[in-house]
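The values are calculated or read from the model by the stated rules, or taken from the named source; none is laboratory data. Everything numeric in this text was worked out from a predicted model, so none of it was measured. Cβ placement follows ideal geometry from the backbone for every residue including glycine, while neighbour counts extend to all protein chains displayed.
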Amino acid sequence: MNRLLKRAAGTLGLRLSYTLFTFLTSIVLARLLGPTGFGTYTYTISWSYLLAIPATLGFDGLLGREIAVYHTKFAWRYIGGLLRWANTLAFISAIIIATGGILLSLYMIRPSDPQLFICLCVIMAALPVLALRNIRRASMRGLHQIVLGLCPEMLIAPVLLLVFVGIAVARLGEEFTAVWAVGAYTLATVITLIISASLLDRSLPFNVKTAIPSYQRLDWLKQAWPFMFLESIHVVNARADVLMLGQLNGLDAAGIYAPVNRGAQLIIFILMAFNGPLSPTIASLYAEGKRQELQKILSKTARVCLLVSAIATVVLLGFGQQYLTVFGPEFVKGLSSLQIRCVGQLLHALVGLAPMVLSMTGHTRFTAATSLMTAVLNIALNFLLIPRYGINGAAIATTTSILVSGIVNTVWVYVKIGVHPNIFGFGSS
């Protein structure tokens, strides 16, 4: 548990840095671009998050689990084979998806919004880079190098983005647009891929580099697709509100809602910080049959997450208007939606560990089924509520789907594994 806490503390530090720099960048962009321009940027980046998941074909999820297991069993040749296979397929898949995305945008978006079209083309060109960076991040997680693996994406990338935006604004002044913002994001991504590749090369055990790679291609593909499906649904649930607001209510609504999303994420900040270091530990304990140790770690983690989430909720509910005003006076329109998301995220903190537990114990298909159900619910609710209630409708839809997913997954964990992924299992064996 002490080792886990140290990893979580390191991850938490990185996430704090990431949150700080992304908030600073968001504030700068929101004030420079206004709701519509900021909405264009947010809408575009949301597509990159969504499409990067099928681009990796689920290997970014599989690598974190399988490398941890292979490392425990000293199966060096399989680590090498899995890394090569994952990189090759991810690159090819990303190229295909990016090409299709550009062609689709050419006919559907270019005539009505040339600036959005250019932004989407730039981010599609960056898709292979995003996919390969995700592969390396997951590989580092499987090697138990959680903090080091997250550094390029969560520390270096946001710093570079803020620096590049500052340089562009200094040179362009009022001519700075969302296109330049997306370009800065892409350049930061390319640089951090290079850094990620170097870190992984240094972290790989010498035995992996010298062993002749062995492959289980069909088996890996079979195990990877649930991760892809699950993560895709997760991103849909996380980004459907922004994407559907941009589609149904306009990019200005998506821009106003973006700070609401950022604020709501602060509440489960600690939960996300534990997910990285906790996942390989869960995989290892489950593989060794140590149920009692697994329950103890899950219960203690859940208590810490709930306490920190409750504090964050109280702060945001009390100072929500001041928080939104920082982005600009127009963004205060999102106050009621922020309050809805805050309450929902606090409840989510009670059940948020369940999906990761299922994934790391070989029960991904149950999480995938639950996520599919809630994603359909999320999309349907957004479709029904956004035209009538705007950003409040998006907040209600997202909150409802997240809670349904968490509750169902918690039940699955208890039925299939026999542990409680929440505070209620404390002290049980």
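Assorted remarks:
- Selection within the stretch 349-372 - in contact with a Ser or Thr (Cβ under 8 Å, 6 or more places away or on another chain) and of a type outside the set (S, T, N, Q): A349, V351, L353, A354, P355, M356, L358, M360
- Enumeration of residues in the stretch 307-354 that are touching a helix residue (DSSP H, G or I) at 6+ places or on another chain (Cβ under 6 Å), small (G, A, S) and on the phi < 0 side of the Ramachandran plot: S309, A312, G320, G334, S336, S337, G344, A349, G352, A354
- Within the stretch 252-278, if we keep just the residues that are modelled with pLDDT under 90 and over 13 Å from the mean Cα position of the chain (by Cα), the residue that is farthest from A349 (Cα to Cα) turns out to be P277.
- For the stretch 23-34, the criterion of a residue being closer than 30 Å to W85 by Cα, modelled with pLDDT of 90 or more and crowded, with 19+ Cβ neighbours inside 10 Å is satisfied by no position.
- Residue in the stretch 203-223 that is assigned to a helix (DSSP H, G or I) and among the β-branched types (V, I, T) present: yes
- Considering the conditions (1) within 30 Å of G39 (Cβ to Cβ); (2) over 26 Å from the mean Cα position of the chain (by Cα), L187 is excluded by exactly one of them, (2).
- Comparison of I79, I109 shows that the only residue that is within 24 Å of N237 (Cα to Cα), touching a helix residue (DSSP H, G or I) at 6+ places or on another chain (Cβ under 9 Å) and of a type outside the set (S, T, Y) is I109.
- Residues that are modelled with pLDDT under 85 and part of a helix (DSSP H, G or I) occur in the stretch 372-383; there is at least one.
- Of all residues making up the stretch 85-118, the number that are polar (S, T, N, Q), more than 30 Å from F176 (Cβ to Cβ) and surrounded by 17 or more Cβ atoms within 10 Å (Cβ to Cβ): 2
- Answer residue from the stretch 345-367, given it is surrounded by 22 or more Cβ atoms within 10 Å (Cβ to Cβ) and small (G, A, S) and is nearest to G320 (Cα to Cα) among those: A349
- Looking across the stretch 384-409, the residues that are β-branched (V, I, T) and at pLDDT 90 or above come down to I386, I391, I396, T398, T399, T400.
Quick grid of which residues meet (1) touching a residue at least 40 places away in the same chain (Cβ under 8 Å); (2) touching a Pro at 6+ places or on another chain (Cβ under 8 Å):
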site: A30; (1), (2): yes, yes
site: L33; (1), (2): yes, no
site: E66; (1), (2): yes, no
site: I92; (1), (2): no, no
site: Y107; (1), (2): no, no
site: A125; (1), (2): yes, no
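- W180 vs. criteria closer than 15 Å to L83 by Cβ and buried (at least 19 other Cβ atoms within 10 Å of the Cβ): no
- Criterion applied to G173, G149 was being in a helix (DSSP H, G or I) and over 21 Å from Y18 (Cα atoms), and the one residue passing it is G173.
- Counting only residues that are over 19 Å from N261 (Cβ atoms), crowded, with 16+ Cβ neighbours inside 10 Å, in contact with a Leu (Cβ under 8 Å, 6 or more places away or on another chain) and of a type in the set (A, V, I, L, M, F, W, C), the stretch 299-322 holds 3 of them.
- Of all the listed residues (I109, I45, I79, I102), the sole one being of a type outside the set (S, T, Y) and in contact with a Cys (Cβ under 8 Å, 6 or more places away or on another chain) is I102.
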